[in-house]
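Worksheet: one structure, shown below.
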Amino acid sequence: MTDSPQESTLFRVGVVGHTNAGKTSLMRTIARDAAFGAVSPSPGTTVEVASVKLFANDTPRADFRDTPGLEDPIGLLEFIDGLRTDRRDDGPSLIERFLGTEESRNLFKNESKALRQARTADLVLYVVDARDRVLPRHSDEIELLNRCGKPVLPVLNFVSDAEARVDEWRDALARLGLHATASFDTVIYESRDEQRLFEAMRVLADDFRDDIDALIKNLRARRRKSIDRASRAIAELLVDAAAYLQPVAPVPADDDALRAERKRESEQALQAALREHERLTFHSILAAFEFKTEDAETALLECTDGRLGIDLFSKDAIRQAGFGAVAGAAGGAASGAAIDLVLGGMSLGAASALGALIGGTFGSSATQTRRLYRRLRGANDLHAGDLTLKLLMSRSVDLARAILRRGHADEKKVRPEAVALEKSVLDQVIKALKSARSHPSWSGVGTSPPQGNDRERSIRRLAALVREQIVPKRPEETQNG
Amino acid sequence: MTQTTETIEESTPRNPRPPGLLSYALANLIQSSGDAIDIKRHHPSESTKTLEARLDSVSAAQESGASLRKTIKGIRGWETALIIILMVVFSASGGLAAAASLEAGDSGAVNIFWLLGVVLGIQTILLVVWLIIAIPGGALLRRFSGGSLMISAIGAIARAFTPTGSKNRATRRRRVEAAAAAVMHVDFGGTRTRWALSSITHLGWTVFNLGLLVALLVILSVQRFDFGWETTIGTDSAFKEAGRLVAIAPEAVGFPVPSEERFAAARIGATTNEPAEKDPSATADRKDFSGLLVGSVVVYGLAPRLILFTFCFILWKRATRRWRPDTGSAGFAPLMRWGARSAVEVEVVLDEPLTTKLGREATGSTLRRSSGSALLGLELEPPSCGWPPPCGATIIDLGILSSREDRNACIRRIEVAETAPTRLVVVVNLVTTPDNGMSRIVQRLHAASDGAMLKMVLTGGERFRNRVDAGALAQRVTDWRAIIDGPEMNGEAVELDLDHLTAETRARLAEIVTGKGRPELPEDQGRMVTLDAAFAEIAVHARNWHGAPNQKELLALQRAVASCAGADSEDRLVGIPDLTTIAADPMAALDQAANRMKAFLPTDLRDSARWCAVGATVGTLACLVTAGSIAPVVLGALPAWLATGAFSGGVLGLLKTNSAEDTEMDQKTVASIRGEVIAAAAMHAILLAMQGRGERAIQETLEQTFLEEPPSLTLTNDVGVQLGIWRTRLSHVLEERGGR
């Protein structure tokens, strides 16, 4: 490919390494694109060079190039050594000579693609699987890359794995003259590691300092925005669910069987509506962290044996979220519904009830009047019980936490850790949802999300609470306010 | 589910303003419709810069988006028509107000203060009210944006656009509601409420004043009125002063107004009795008073309303222009997939043109005598059984090859030897990728050994399995097999875990290395006997339970099963943490053990929640058995671990109880749990008996033995019958597999 003049000045990074070391996984995580390239345990999955341009402020700042794996570094180094005709031949000239040979186009075609990119890059990221033993072939790979004459930054992948041999690798790389290394697990994502990777790149590619700085800044901003969006989506879910009312059709006073039947039907309708709303919110959470929505159903959420596969209204869900104490007597709780107490003054208050009777024109009084009118006619409404709201909070926060630490290269389905939200936090949530309880018009369940400043304020207040649960403040942050 | 299909960018009609409105409406529709919306893949053109415009472009490309655009256009048209009608009503009201108020009293003169009060008083009071409500924050007006009025308005629009009996009414109504909610929110919601309502109010009064003005001018042109003023309880001086003050502004802008003297003279009842028609000054008075009236309407009515309308309208439009949809809401998620400008740009870089693949390296060799078996490892970490692995036969040990020097030395050694090996056994680790480098060295080794019979031992399956799922493990085995599967080598690959070498593994390794058939081992005869003993123990234990077993009974059963298989803490189940790990962190160890056994299940069984519970139970109990001497510590950690909710299922819940009475369960639950406990014990026994075989072999055996969901077992006899079924199936499976 011929680069345009603009592209030729772009910071170019070659991503190379042994086959299956996680190069494409690294690209996926950096690009936030789980669909980038192909990843499989088989060798030679990546056969072409693929480029990912990273933007900051709508300006391309870096061009990362994924390359096929170095499959036979031992054989290749032996071959290249055989090309030496003069003892003064340096590394780059030997590599150039190799790239001109017939073997580079067939026997070592994958390796030649990787080395060609390494030759033209401004920086080479050498990806290693930190779980592997350090083998002679690795030193041969480094030798080959050193001969390309470009700065090499080893990136230790899969460092969060229990089998990772990080110290062994650092020691071995230092012996080979590579003292600057970066750790970056493409599966278990750590934003700090990603930032450190870029900082390490900045050290080795000082000419592109401004570009890398812009990318680091962009990374931080994206993360902050993602967390804010996920928090808001969860807060909106909670407000929508708390405000939602499911009507129970009126029945004659003496027909208990019909009343029970009507109540059961309404419970099912309420459950279906909340399930669907929870599902949509899960999609929003995934989208907030730049996971594709269509990936969500198939690759992320559809886990029959995982936590997310458990129905919101099942006893298992209640038990798993840590509400074991109530689970034993959760026959009613599992239905997730409770009778709306509009007439008891418990959710409205006497003043509001009076206001509703007068039929004021502002706010939700008209809705309250309708509720009151329905109760007077003998009809009921159901709303989501406190336990259901706590479950919704726990499950969504759980998902957000899991996604926050999920690299785009992770191909396993989401299996969040068990939720252990503090009781005081859940109580705070229920308290914050009190106003939503008395405003059915705030609910966006099964309908377009309503607007309004009171609702908006409520959502914002709740979102702040949710945010603290997704990303708990560290002690030093708390001390510094 | 929301589906995606691809569309190409094509020219579409202009999207409604402000940017983002169309996508907001579609997001509303998605949120209210859930799965029903089909979102097609669409890439906005590069020239579309803002996120809102890109989202609109994606929305417009959707079928629903196109119909929403029409609906929005319709609602906007309806909105405009409504405002026009309102203005006509206001204008007519102005005219009527003028006609009604210009009426002479008993004195034959129109009371100027009364007239001004009627035409300007009410609107002035309302203007003050507006100033109070709208200017200091407009909190009351803002409530409109989320209140019942807005909802009623949306409902009214939806009803108007979807009359009863219309085709696909429910779908259509949802669409109209989504569009109406979007339009109403964008036009009247949030901070825009204050300026929208203010604009409409001030426009209304402007039109009212215009109607009033026109009507006044027409009436004053065609009729003659005398003007005066009077009071019953007020003082004349106060009214004169009021008249003077009112006249200042109209006079300042050029309207004729009566002088102070003339104004004083206009006091009804204080003037001469001379007929007004004959008094020349009376005509001037009428013109001055008419000037005062018209001027007051213009200066105090029309002008401020017009100015305020312009001001509010500008702020309204500015607020509308600045509106941005909340793209984080649930409905936007499928649109953001295509609409959000990616922070990345992906392309495939074409490299040098590919040429034809070079054939395999030429492998020449001379004919030699061949004898014996040679064994070597490739990039292998020495297995825990040491190197070379004990296989009960004499072999040529070629060592473990890692570096270029190792490889070349080994090939040289084979080439220069007087006899070539009959069998070449290459041990590789499944963690290693079978790439071209591996393929080439195997080819070279095979060629160097004059095409000896090639056998490959695939070890490290458990380690690799810890990294990947069962599918990836199977793929890796297949990839390794493909390396030696060609006609030139025609090798055979066998999965044997040298890290967990057992008598079984040793026998199999000996068979591979020597080629003399598998040596008979005492374990072969003993395996089924051991299993029978374990199954008998299970039946005996089950007979002594009352209802579901408690913690002690469960542990006693598992210890008995482990004991039958001769397993102890040194020979624990594959994948169960060792004693040190368990002692260091019992909770993590329990988690690891349960997960490991759950993951060990064949794919078919993993789809069942109950089998997953059984798998987790096997792991947990095996961990507890392994814990042995430190069991109290682990038992102490159990409740906390179970409370994390990492694993659910009644069977594990039993571990929390010391006696069966602690748990109240109905008969159905008891039978179900007993079934799971028996299945877990049987699975534990089979796993212990099959240790050392390849993971796939074990998984396939389990899959063919446990064909259905764990049974519900009530009677002791049922337990015996069920164990018998599994035992028979297992015999058949092992027989089919040739004891492997």
Treat each spin label as a single point 7 Å out from the Cα along the C-beta direction, and report the B:Thr232 to B:Ser384 distance in nm. 11.1 nm
Cα-Cα over 24 Å, subset of A:Lys23/A:Lys109; A:Lys23/A:Lys53; A:Lys225/B:Lys40; A:Lys225/A:Lys434; B:Lys70/B:Lys317: A:Lys225/B:Lys40; A:Lys225/A:Lys434
Go through the stretch A:70-158 and name the trypsin sites (Lys or Arg not before Pro) that are in a DSSP coil and have 10 or fewer other Cβ atoms within 10 Å of their Cβ. A:Arg87, A:Arg88
Amide H contacts under 5 Å for B:Val427, placed H, 5+ residues apart: B:Leu376, B:Gly377, B:Leu378, B:Val457
Along the stretch B:422-429, what does the Karplus equation 6.51 cos²θ - 1.76 cosθ + 1.60 (θ = phi - 60°) give for ³J(HN,Hα), rounded to whole Hz, x for Gly and Pro? 6, 10, 10, 9, 9, 9, 10, 9
Length gained, B:Leu82-B:Leu131, 0.36 nm per residue minus C-alpha separation, equals 15.1 nm
So which trypsin sites (Lys or Arg not before Pro) in the stretch A:178-250 end up in coil per DSSP with only 12 or fewer other C-beta atoms within 10 Å? none
Suppose R0 equals 30 Å. What FRET efficiency, 1/(1 + (r/R0)^6) with r the Cβ-Cβ distance, do B:Glu241 and B:Ala92 give to the nearest 0.05? 0.25
Kindly write out, for the stretch B:189-202 in residue order, the coupling ³J(HN,Hα) from the Karplus curve 6.51 cos²θ - 1.76 cosθ + 1.60 (θ = phi - 60°), rounded to whole Hz, with x marking Gly and Pro. x, x, 6, 6, 3, 4, 7, 5, 5, 5, 4, 5, 4, 5
From phi via Karplus (6.51, -1.76, 1.60), per-residue ³J(HN,Hα) for the stretch A:19-32 in Hz, x at Gly/Pro: 4, 6, 7, x, 5, 5, 5, 4, 4, 4, 6, 5, 7, 6
Between B:Thr124 and B:Phe311, with labels modelled 7 Å along Cα→Cβ, what's the label distance in nm to one decimal, could you check? 1.8 nm
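Let's test the formula: R0 of 45 Å, r as the Cβ-Cβ distance of A:Asp206 and A:Glu168. What FRET efficiency results, to the nearest 0.05?
0.90
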Dimensions of the stretch A:33-92 along principal axes (Cα, Å, largest first)? 49, 32, 12
For A:Arg406, which sequence-distant residues (separation of 5 or more, or a different chain) have an amide H within less than 5 Å of its own amide H, given hydrogens modelled in the peptide plane? A:Tyr189
Show the residues, 5+ positions off or on another chain, whose built amide H is closer than 5 Å to the amide H of A:Asp72. B:Gly437
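Starting from 0.36 nm per residue, how many nanometres of slack lie between B:Ser563 and B:Glu261 once their C-alpha separation is accounted for?
Separation in residues times 0.36 nm, less the Cα-Cα distance, equals 96.2 nm.
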How far apart, in nanometres, would the label points at A:Arg192 and A:Arg97 be if each is projected 7 angstrom from Cα along the Cα-to-Cβ direction? 4.8 nm
Under 13 Å, Cβ to Cβ, from A:Arg461 - net charge with Lys/Arg +1 and Asp/Glu -1: +3
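Figure the gain on full extension for B:Asn544 and B:Glu735 (residue separation times 0.36 nm, minus the Cα-Cα span) and round it to one decimal in nm.
65.4 nm
Just for the stretch A:5-204, what percent of DSSP beta bridges are antiparallel, to the closest 5?
25 percent
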For the stretch A:126-178 and the stretch B:222-258, what is the centre-to-centre distance using only Cα atoms, to the nearest Å? 97 Å
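Since every read-out is calculated from the coordinates, none of them should be taken as a lab result. On a predicted model such as this, the values are computed, not experimentally measured, just so you know. Here the Cβ is made from the backbone with ideal geometry for all residues, glycine too, and neighbour counts use every protein chain on show.
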